[in-house]
Every structure is written in C-alpha cells, then in structure tokens.
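Written below as structure tokens is the structure these notes are about.
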Amino acid sequence: MEHMKKLFLFSMVLVLVFSNIVYAESDPSTWAVDEVNKLKAENILDEAFFTNYQQNITRKEFAYLSVRLFEVMSGEVAEIGEDPFTDTDDEWVLKGYNIGILKGYGGGVYGPDDLITREQLAALLIRMLDGAEVEYDKNIAGLSFNDDNEISEWAKDCVYLANKNGIVGGIGDNLMAPKNNATKEQSMLMAMRIINMNINNVIVSEVAENEDEKAELTWSSVVNLSNSEGESFSPVITADILGNIHLIWVEESNDYLDLYYRQFNNGKWSDNINVTNSDRFSIFPDIACDELGNIHVVWEQYYPGTSYILYSYYNGLDWAKPYMVSRPYILESRIPRISLDSAGDPHVIWFDKNTVGSIEMLDIHYSGRDGDKWTVTECLELMENVFTDDPNRVLFPDIEIDESDNIHVVWPDMSFSNFTIDIFHNQLGGVSVSISDNNGRSQFPKLAKDESGVLHVAWEDDSSGQYEVLYSWLDGRQWTEAVNVSKTSGDSMLPSIAVDDERNVHIVWVDDSTGNYEILYSCWDGIEWTEPENLSESVENSTDPSITTDISGNIHVMWAESIFDSHEIYYRVKSK
C-alpha cells in the first residue's frame, strides 16, 4: 500500500516544515489542547512550531505546510518552476504555484507576509487535495451559511467543500466568517483533519485497488524489547490510527512488579518508561489507543491480602495519576480488560471475588467513563455459576465495543446443564448465549472487531482430548460454528486475535508440539487458515502472546520468553 507508506512518513517529513520558526513560549487554547498534544506525541511537527498558538498564520507559512502535505499524500516531490511573483522568491511559494495549489493576487503579487483568510485557506486546501488526488465528498447540494454574501465567488465552492468534509468548521450560528484570519492552532487542527480523512479514504480505496496486487509480507528477526535484569511478562500490544505501535508489560522492579511502556514511532523505538513505579505488584495490564493518540491502560494492583483495578492514560507528555475503577471494599478485583467507545471513553470489565458469610462468590463487574466522570461500578450478574470451592479459580473475561457503541463481553463459565466450562457472550442489556457449547473445558477467550464492527473470538478448548485453539465470528445475531485453528499434535493455549482492514483474521497462541512452549501463528484470508508458523523458535519456553495489525496491514506480535531462567519481552513484525 504505497499511499500508506507515504502517510507513515508524514511524521518524519513535517519535522522540517517549521524548522525555521523562532521559538517562543505560549499555551494553546483549551479547545485545542487535545489536538496539540496529539501532534506532540506523534512528532508530526517540529517542536519549534509549538508556540504562539493564537498567532495568525501567514500566506508564506501556510504555503510551506500545504506543499509538504501535498508531497506526503501524493508521493511526488514538488519542484520549483517559473517565478511569477515580484514580492517573494520563497521556494515553498514557488513550488506551490508550480503544482497549482497556490495563486497570487494578480499583477505579480503573492503577499507572503499577509495573514491568510479562512476562505483563502479553504481554497488552498481543496486545491491541495485535488492535486494530491485524495478522495473526498464533493456533494455540496443544499449547503449555505448565514454570511454567504461575504464569501468571494471564486472561493465559495471550496469553502463549501472544506466545510462538508470537516476540514474548516464554522464559528457558530451557521457563520463561516470567510474574511477572518486563521491562527496557528486552527491550522494544526485542520492539518490533523486532513490526515485523518486521508487515512480513511486510503484504507477504502487501497483494498479495492490492490486486491490482486498484494505484496508479500515477511517476518522480521526477533527483537528483545525489555532487556531487563528482572522478570518481564504479560505483554499487550496495540496500534494507533497513524500506524504507531504501543506496548505495555509487567517487569520486576525493586522487589515489586511495575508496568513498563514503549512505543514505535518514526521508525524507532522509544525508551522503556516505568508507568506505575510503586511499592505494589502491578499485573495483568491491558491497553487501548483512541483516535487522538491517547494511550489508555488498566491493570490489577496486587498487594498481599487485597487487589484492585487501576486506570491511567498517557497524552504524549505525561501519565495521569492512577484512578481506582473497582470498589475499595472488595478484597479481590482481578484481570481487567479495556475497550474504547466512539468518543474515546474507556470501558472496563474485571471479575470480583467476594465472601458472603462462608461462601465465596465471583462475578464480572463493569465501569465506564462518560466524558470526565466514571460510572458507578456495577455487577453485571452474567455468571451462571457464581459459587466456587476452588480458591484459585479465576476468570479471564474480555470486552469489545462495536460501531454502534454496544458493549460486548465474553467469559468462561460452568454450565449447570452439562457441568462443562463454556465461553459465553453477552451484549450488555441482552441475553447471554454460549459460543462454544461442547463437552470440553473452554477458557481464555479473546475478542476483536473488524472495520465493519463484526466481532471475532478465539479461545482454548479441550473437548477433543487435548487443548486446541478454536475460532468463531458473530454473523448477525448468531455465532458461527467453531473452527479448529491450531491443528497441531500438542496442546494449543492462550490465544490472541486481531483483524486487519481487509478482514483477514490473525491468531497467535502457545503450543507445545515441539517439546517446549512456542508461539505459533495462523491467518484466515477469507478462504482458508494458513499452516501454523513458529514465530518464537526458542530453545526454552515462550508464553503470553499478543497480536495487533496496523493501517498498512503489518502484523505485530509480542510474547514473553524464558532465557537463562529469566523472562524477556520479544517482538516480531510481518511487513512488506
């Protein structure tokens, strides 16, 4: 996907865009803080640009930005052509003029130091999109503003198009204010809107254009990402909308266990960051990334005698103070999982084990954030068997939120109808159904959704006499018949699942068919499951696999592997 490669390079190219701007301190407006932090976190703009946010941007500065955007999205290098202007010889103005996205006032005048107006900005951005052959919605029938009479005729269609596609918004009361100027922070938001719009359009068009032209993907060599002196385990990996990779894992630190975070951005790995840094045991993390690039993490904080669920997020600058999601008076809250809704708000499930008299009871609990406020923790009352005589019994539930913001939960539970352990599914507010429904022991379910919001699930199951990895997907309101993905001679356990933008399903799991525990991988390409591949190829044991895919279709896998009686976090990527 050539366009995707060019878009991924955006973060490196635009570092040069504003490198000649003098730095001075200032703060962005409140409404712009999230997007500014997003840009800082992704290293899309040079640090020198993050200043004087309320300062109006000039026609020369915006020429610089627009030409760079054109080069990244079109894959072409803009060249300097003829110089029709008498008031500037700036290379970016001349490049913009040569490729047809910049125009002057006439009579050889460009006005490089003039402040750009909103209608000029809209016209320039639409011409840039057309020049770069970026698809967008061109239906502007019925659009109008209360100040239409103030929009210049030459700019009117471009203003409508920029507004229709969410690039240039109004100022309220259905007003466009076409002759007003635009500030730096407004320009930053418009650039991000174009990037996001281009990502979505490229995903749709590339699937159709490259159906018969798929490049061969190959696996990288194995990389040690933890390089720690103590134990490292329980890795979880995810990708953001720009293709950057984010991971979290547990690592031994000063006789305790902390969470460590690392990201892959601009072609390189960041340093390892200790997220928790506490005198407790932080275990069982889960991670998610919203469309603004904020990283959301939940984990179980354990200390002898009690455990509870904590949440934090990273905005690219700092990790927020942990928030206790579970109830403080429950002695054992464990194994949290997180998913985000369309607004980027986190929703968390976990299981609570509580003692009522002499009886131990357990069930799945939930809390979600609505804006700045978390909902009151509630017991979902999903479990059929809430009683346990086994003090070590634990649940590994999972959560996913579909395109309509419906919350879906899967979990293992003992069915009293046949006294086996099945995988159950519930769309909150609905009826629970068994997905596995066999005579074996089904556990460790993992959910994923594809770009259409369709749910996919994988789990381990021993109904055949050995543990196998099974898979099903939700076809409308009914789960399909389970399929054996692993098909090896040994036990296959602890699956992780991801679905790419072409709806190919990718699953990794732990397998002992070679005599030790290895990480195996298989993919469903719409026709068949591929033969399992050994990704770890270790001489000792590997466990805790986690998988994700990015916008370019690359497949990223992490796992923990024992080396000389210590575990490290290892990583491989399958890419072009």
How many residues of the stretch 276-310 are assigned to a strand (DSSP E or B) and under 23 Å from Glu231 (Cα atoms)? The answer is 19
Answer from Asp511, Asp544, Asp501 - the residue that is of a type in the set (Asp, Glu), open to solvent by less than 10 Å² (accessible area, probe 1.4 Å) and either in contact (Cβ under 8 Å) with a residue 24 or more places away in the chain or under 21 Å from Phe444 (Cα atoms) (or both) | Asp511
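Could you list, in sequence order, the residues of the stretch 123-138 that are part of a loop (DSSP other than H, G, I, E, B) and among the β-branched types (Val, Ile, Thr)? Spell out how you get there, then give the answer.
At the first step, the residues of the stretch 123-138 found to be part of a loop (DSSP other than H, G, I, E, B) are 132-138.
Listed by number, the list holds a single entry, Val134.
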Expected single match for part of a strand (DSSP E or B), touching an Asp or Glu at 6+ places or on another chain (Cβ under 9 Å) and open to solvent by 40 Å² or more (accessible area, probe 1.4 Å) among Tyr313, Tyr260 is Tyr313
Taking Asp405 and the conditions (1) modelled with pLDDT of 90 or more; (2) assigned to a loop (DSSP other than H, G, I, E, B); (3) farther than 22 Å from Cys289 by Cβ; (4) not polar (S, T, N, Q), which numbered condition does it fall short on, given that it satisfies the others?
-> (3)
Report whether or not Arg503 is of a type in the set (Lys, Arg), assigned to a strand (DSSP E or B) and under 24 Å from the mean Cα position of the chain (by Cα).
-> no
Could you give every pair whose Cβ atoms fall below 7 Å, whose first residue belongs to the stretch 274-295 and is on the phi > 0 side of the Ramachandran plot and in contact (Cβ under 8 Å) with a residue 40 or more places away in the chain, and whose second residue is assigned to a strand (DSSP E or B) and open to solvent by less than 30 Å² (accessible area, probe 1.4 Å), counting only separations of at least 6 or pairs across chains?
-> Phe284/Ser234; Phe284/Trp299; Phe284/Glu300; Phe284/Ile335; Phe284/Pro336
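In the list Val250, Val275, Val236, Val298, which residue meets the criterion of being of a type in the set (Val, Ile, Thr) and farther than 20 Å from Tyr570 by Cα?
Selected residue: Val298, the only one of Val250, Val275, Val236, Val298 that is of a type in the set (Val, Ile, Thr) and farther than 20 Å from Tyr570 by Cα.
Yes or no, residue by residue, for (1) closer than 21 Å to Lys95 by Cα; (2) open to solvent by less than 20 Å² (accessible area, probe 1.4 Å); (3) under 34 Å from the mean Cα position of the chain (by Cα):
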| site | (1), (2), (3) |
| --- | --- |
| Gly111 | yes, yes, no |
| Leu121 | yes, yes, yes |
| Gly131 | yes, no, yes |
| Asn139 | no, no, yes |
| Leu143 | no, no, yes |
| Asn149 | no, no, no |
| Glu153 | no, no, no |
Cβ-Cβ under 7 Å pairs, at least 6 apart or on other chains, the stretch 143-163 side closer than 16 Å to Asn180 by Cβ, far side among the charged types (D, E, K, R) | Asn146/Asp173; Glu150/Lys179; Ile151/Glu119; Ser152/Glu119; Ala155/Glu119; Val159/Glu119
Of the residues in the stretch 291-310 that are over 18 Å from Tyr329 (Cβ atoms), of a type outside the set (Phe, Trp, Tyr) and open to solvent by less than 20 Å² (accessible area, probe 1.4 Å), the one that is modelled with the lowest pLDDT is Gly293
Which listed residue is assigned to a helix (DSSP H, G or I), out of contact with any strand residue (DSSP E or B) (no Cβ under 9 Å at 6 or more places or on another chain) and at pLDDT below 90, from Ala162, Ala141 = Ala162
So, of the residues in the stretch 328-350 that are without any contact (Cβ under 8 Å) to a residue 40 or more places away in the chain and part of a strand (DSSP E or B), which turns out to be nearest to Trp411 (Cα to Cα)?
-> Ser333
Residue that is nearest to Phe233 (Cα to Cα), among those in the stretch 290-318 that are in contact with a Gly (Cβ under 7 Å, 6 or more places away or on another chain) and acidic (Asp, Glu) = Asp290
The lone exception for Ile241 - which of (1) at pLDDT 75 or above; (2) farther than 30 Å from Cys523 by Cβ; (3) of a type in the set (Val, Ile, Thr) it fails = (2)
Exactly one of Trp319, Trp249, Trp350 is in contact with a Phe, Trp or Tyr (Cβ under 7 Å, 6 or more places away or on another chain) and either more than 25 Å from Asn37 (Cα to Cα) or at pLDDT 90 or above (or both), and that one is Trp249
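Any idea which of Ile99, Ile126 is within 27 Å of Lys164 (Cα to Cα), crowded, with 23+ Cβ neighbours inside 10 Å, in the same structural domain as Asn56 (by the TED database) and touching a helix residue (DSSP H, G or I) at 6+ places or on another chain (Cβ under 7 Å)? Don't jump to the end; show me each part of the working.
Values: Ile99 fails: crowded, with 23+ Cβ neighbours inside 10 Å.
Only one candidate qualifies: Ile126.
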Note on the stretch 241-251: residues farther than 15 Å from Glu561 by Cβ and either open to solvent by 10 Å² or more (accessible area, probe 1.4 Å) or among the small types (Gly, Ala, Ser) (or both) are Ile241, Leu242, Gly243
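With respect to Thr488, determine if the residue is in contact with an Asp or Glu (Cβ under 6 Å, 6 or more places away or on another chain), open to solvent by 10 Å² or more (accessible area, probe 1.4 Å) and assigned to a loop (DSSP other than H, G, I, E, B). So that I can check it myself, show each step before the final result.
On the way: in contact with an Asp or Glu (Cβ under 6 Å, 6 or more places away or on another chain): yes; open to solvent by 10 Å² or more (accessible area, probe 1.4 Å): yes; assigned to a loop (DSSP other than H, G, I, E, B): yes.
So Thr488 passes the test.
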Being open to solvent by 30 Å² or more (accessible area, probe 1.4 Å) and of a type outside the set (Phe, Trp, Tyr) is the filter here, so list the residues in the stretch 455-479 that pass it.
-> Asp462, Ser463, Ser464, Gly465, Gln466, Glu468, Asp475, Gly476, Arg477, Gln478
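The values are calculated or read from the model by the stated rules, or taken from the named source; none is laboratory data. Quick caveat: nothing in here was measured; it's all calculated off a predicted structure. Because the Cβ atoms are built from the backbone with ideal geometry, glycine has one as well, and the counts that use them run over all protein chains shown. SASA here: full protein model, heavy atoms, side chains in, ligands and nucleic acids out. Shrake-Rupley method; radii C 1.70, N 1.55, O 1.52, S 1.80 Å.
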